[in-house]
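As structure tokens, the structure follows; a few thoughts come after it.
The values are calculated or read from the model by the stated rules, or taken from the named source; none is laboratory data. Just so it is clear, the model here is predicted, and its values are computed rather than measured. Every residue, glycine among them, receives a Cβ derived from its backbone with ideal geometry; neighbour counts consider all protein chains shown. Keep in mind that these areas ignore ligands, DNA and RNA; they rest on the heavy atoms of the full protein, side chains included. Shrake-Rupley method; radii C 1.70, N 1.55, O 1.52, S 1.80 Å.
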Amino acid sequence: MTKSIWEATSPDGTAFPSLTGSIETDVVIIGGGITGIMAAMLLTEGGKRVVMLEAKRLGSGSTGRSTGNLHIVPDETLHPIRKKWGKEAMALVAESRGEALKLLESTVAEYNLDCRFCRRPHHLIATDDSQLQPLEEEHAAMDEAGLMVSRVTDLPAPFSGRKGLIIEGQAQFHPLLFVQQLAGRISSDRCRIFENSPVREIDELHVRVKTDSGEVRAAAVIMATHTPKGFNLVQTELRPNREYGIAGRLRSGTVPDGIFWTMQEMSHSIRSFEREGTRYFMVIGEEHKTGQHDPKSDYFRRLEEYGRDCFDIGAIDFRWSAQNYRPADLLPYIGRTAASGKVHMATGFSTSGLLYGPLAAMIISDVIHGRENRWEQVYRSTRFAPGKGGQKIFKENVDVVKHFFKDYLTPSEKKQLGDIPPGSGKVADFEGKRVAVYRDEQNGWSAVSPVCTHLGCVVHWNPLEKSWDCPCHGSRFAPDGSVIEGPALEPLARRELHLRGS
């Protein structure tokens, strides 16, 4: 398993129990990342009783594998949002993300969280002349949105001599420590937190949520799960992606303070992080659609090569990746689902979830408390705007259909178990049946159905993270079939293997 720098510099162990039995509450939150924990905080502060259910450990999903960067400008940048939605909507996006940043900063102070929160500038950098026009368009959009932005040509190494923008007043923190410590502060009889409690069923009609060993009845449900659990039409408008990260130490030189983004199509981001006297660099990038990785590509190696072009790297200490969901029309989906006024979702954050998550918590907690929220309509989850993302929606769903039929119609390779190297997995025809088989480093075997339990696509083996990844809607499963993330609720079905021929 890969490990992020945040996971490596946070306490191990489980602080909260698993759910057993049946309980009642006002709001049940599914997901213990930054969205869920901020929603729990705001709801309990407003007098609601809350139950939070986390499938594994708090923050162990996308929050604990993020960049730790807090920037008002979303990763899609502002000028494309202005073109698609207009000046007013763009301004509301910038305003709302700015307020989410203020909420995080005030939460750190109020609850005395030791999560290395600090204000840092954000740099947007043109790496060649083809990016100068988009850079100017973004500068104008930032000005219109009221951000403190200026042109800069005296960029620090390794970006010296290039043109860029600098946005003041942004921030960085340790996202996993933030979630873990805030959970410890707000946990109470009115805010009950359960770990290792994966949800298996969401009954929207009766507002009940079931786990393997328990059930929660509530007046409202929040799916703070990065993508809605089970089937939801919004999933047809989201592209699930993997993005990779590395962190290490330099042999010589320094990494400048701040957030650094490059503007090329395959963009990268760079930042530094200091922990207990050791200063690390981080490089993020190499994004591709989940389950559609190039089996010949080592994305971590690509990041390392990019990093070595920038810095005198001494050692790579951590390698990890994270999932994101990109909405076709550039804006997240936040609020009530179309199927139920009592179930709320928060999805489509792209790689900007560390601010969109708290923002979603602000909007949904206001809705549950019966208060008006000025940003609710911008991000409403029931919006229907095919003209805004129609081409991307069409392309994404053609891709889903293509992979669905391709994987079913392409004959499976016939394999002997001995054909699979240790530490590898393969979907193949074993004894006349299509099976997803994993052989661990000790020559132990796991065999599961290759059919994703979400909508039936065939999973693909991910060699870098040793997981079964669905190329359609982004569900991911461990070698034993258990759910890692995505819309799937149920694990891949187990299959029996006869070891003859191994």
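Other residues lying with their Cβ under 9 Å from the Cβ of V149 contribute a combined charge of -2, Lys and Arg counting +1, Asp and Glu -1. Near L250: Cβ cut-off under 12 Å, other residues only, Lys/Arg at +1 and Asp/Glu at -1. The net charge is +2. Element breakdown for the chain at a 1.4 angstrom probe: carbon and sulfur atoms account for 49% of the accessible area. Highest-first packing order for the peptide set 259-265, 210-216, 491-497 is 259-265, 210-216, 491-497, based on the mean count of other beta carbon atoms within 10 Å. Rounded to the nearest 20 debye, the dipole size of region 30-177 about its Cα centre is 540 debye, using +1 on the Cβ of Lys and Arg and -1 on the Cβ of Asp and Glu. When peptides 88-96, 435-443, 345-353 are ranked by their average number of other Cβ atoms within 10 Å per residue, the highest-first order is 345-353, 88-96, 435-443.
Quick one: which residues, 5 or more positions from S424 or on another chain, have an amide H under 5 Å from its amide H? H modelled 1.01 Å from N in the peptide plane, none for Pro or chain starts. Sorted by chain and number, the residues that satisfy this are R439. For region 152-308, the spread of Cα coordinates along the three principal axes comes to 61, 39, 29 Å, biggest extent given first.
Annotation: per residue accessible area for region 154-266 equals 40 Å², rounded to a whole number [probe 1.4 Å, protein chains only]. Computed on region 230-336, with alpha-carbon pairs under 8 angstrom and 6+ residues apart, the relative contact order is 42 percent.
One compactness figure for region 116-168 is 1.17, namely its Cα radius of gyration divided by 2.2 N^0.38 Å. Annotation: region 8-80 has a Kirkwood hydrodynamic radius of 14.6 angstrom, from the mean reciprocal C-alpha pair distance. For the chain, the Cys residues with no second cysteine's beta carbon closer than 4.7 Å are C115, C118, C191, C310.
For region 111-194, the relative contact order comes to 40 percent (Cα pairs under 8 Å, sequence separation of at least 6). Take every Cα pair under 8 Å whose residues are at least 6 apart in sequence, average their separation, divide by the length of the chain, and the relative contact order is 18 percent. When peptides 191-198, 245-252 are ranked by their average number of other Cβ atoms within 10 Å per residue, the highest-first order is 191-198, 245-252. Within the shell of other residues whose beta carbon sits under 10 angstrom from the beta carbon of R57, the net charge comes to -3, with Lys and Arg scored +1 and Asp and Glu -1. The residues of region 14-83 expose on average 30 square angstrom of accessible surface per residue, using a 1.4 Å probe on protein heavy atoms. Relative to the 2.2 N^0.38 Å rule of thumb, region 154-221 has a C-alpha radius of gyration ratio of 2.00. Counted over the chain with a bin width of 10 Å, the fraction of Cα pairs per bin, in whole percents, is 4, 19, 30, 28, 15, 4, 0.
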